[in-house]
1. Do you know the relative contact order of the range 1-81, to the nearest whole percent, from alpha carbon pairs under 8 angstrom that are 6+ apart?
2. Karplus couplings for the range 68-77 from phi (6.51 cos²θ - 1.76 cosθ + 1.60, θ = phi - 60°), rounded to Hz, Gly and Pro as x?
3. How charged is the neighbourhood of Thr150? Take every other residue with its Cβ under 12 Å from the Cβ of Thr150, and add Lys/Arg as +1 and Asp/Glu as -1.
4. Let me spell out the model: positive unit charges on the Cβ of Lys and Arg, negative unit charges on the Cβ of Asp and Glu, origin at the Cα centre of the chain. What dipole size does that give, in debye rounded to 20?
5. Dipole of the chain (Lys/Arg Cβ +1, Asp/Glu Cβ -1, origin at the Cα centre): which of Ala29, Ile112, Ala11 lies farthest to the positive side?
6. Output the relative contact order of the chain, whole-number percent, from Cα pairs under 8 angstrom with separation of 6+ residues.
7. Under a plain spin-label model, where a point goes 7 Å from the Cα along Cα-to-Cβ, how far apart in nm are Thr223 and Ala101?
8. Could you list the square roots of 5 times each eigenvalue of the Cα gyration tensor of the chain, that is, the equivalent ellipsoid semi-axes, sorted largest first and rounded to whole Å?
Amino acid sequence: MSRRKQRIGAAFSAAAGTYDTAALAQIHAADLLAGRLPGPPLEGRILELGCGTGLFTRRLLERLDAQARLLATDLSPRMVERARAGLGDPRLGFVVLDAEAPEPAGGPFDLIASSLAAQWFADLPATLARLAAMLRPGGTLLIATLGAGTFAEWRAAHAALGLRSGVADYPDAGRLAAMLAGATVESERFAITHADARAFLRSLDAVGAGTPRPGHRPLPAGTLRRIMASLGRPCSITWEVLILSMTKKGNGR
């Protein structure tokens, strides 16, 4: 496992205790993704990637057929522990798993789903192809990830000073759709208001999402204060959630 991936996993493990109270955007994304689920009921074998504390897992369980089986996975052992402690269901299993190396999860699956984990993948196109190959014919891949419009205000505040923020370069809907043959992508935007920019940054740390893009160097304290002040009090921050859907050709089970 790369050092960056270890940092990401450690950040999410450290946030396991604060995640649920700070995860406003994550809850909204989970609701958006749940609205695109096939069925109900959900049947067969289902794999969830990046389950976190179980926000989207709960939505999957609500739709599961009595005979269906759900395997919920996450890179962070503490997130898996917290989700397992909060969810008890004979149809549900947990495992610590790197979504970019999902072979131990087995397959084929009738549904592979993930809510706001794919933005952390080092190689998103290759991972999408790998996941699609794990689907049963007729199975569905359903991924919610962050789009290019995410944190537009934070990026703009940096750009005004000729700087690039630590936010990753997320794809737009067209670029994401082009990564996987047969995929369609929808975009949903919403804003969350914070008391100030410092509260925004603290909210990212509280859900484990404070790890910057590769190569980013922290700004001098004075520069960072100028950027935060420029966003005002309160400050509204945009999130763009892209929802990718792809159904594998075939007749199913």
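What follows is calculated from the coordinates using simple rules that are stated; it is not laboratory data. Just so you know, these numbers come straight off a predicted model, no measurement behind them. FYI the Cβ positions are ideal-geometry reconstructions off the backbone, even for glycines, and counts take in every protein chain you see.
1. Details: 87 pairs, mean separation 29.8, N = 81.
For the range 1-81, the relative contact order is 37 percent.
2. Per-residue couplings from phi come out as 6, 10, 10, 10, 9, 9, 7, 5, 8, x Hz.
3. Working: positive: Arg155, Arg189; negative: Glu153, Asp169, Asp172, Glu188, Glu240.
Surrounding charge for Thr150 is -3.
4. Values: 30 positive and 22 negative charges, 110 e Å.
Charge dipole, the chain, about its Cα centre: 520 debye, nearest 20.
5. Value: Ala11.
6. Working: 473 pairs, mean separation 59.1, N = 253.
Once normalised by length, the contact order is 23 percent.
7. Placing both labels 7 Å beyond Cα along the Cβ direction yields 3.5 nm.
8. 32, 19, 16
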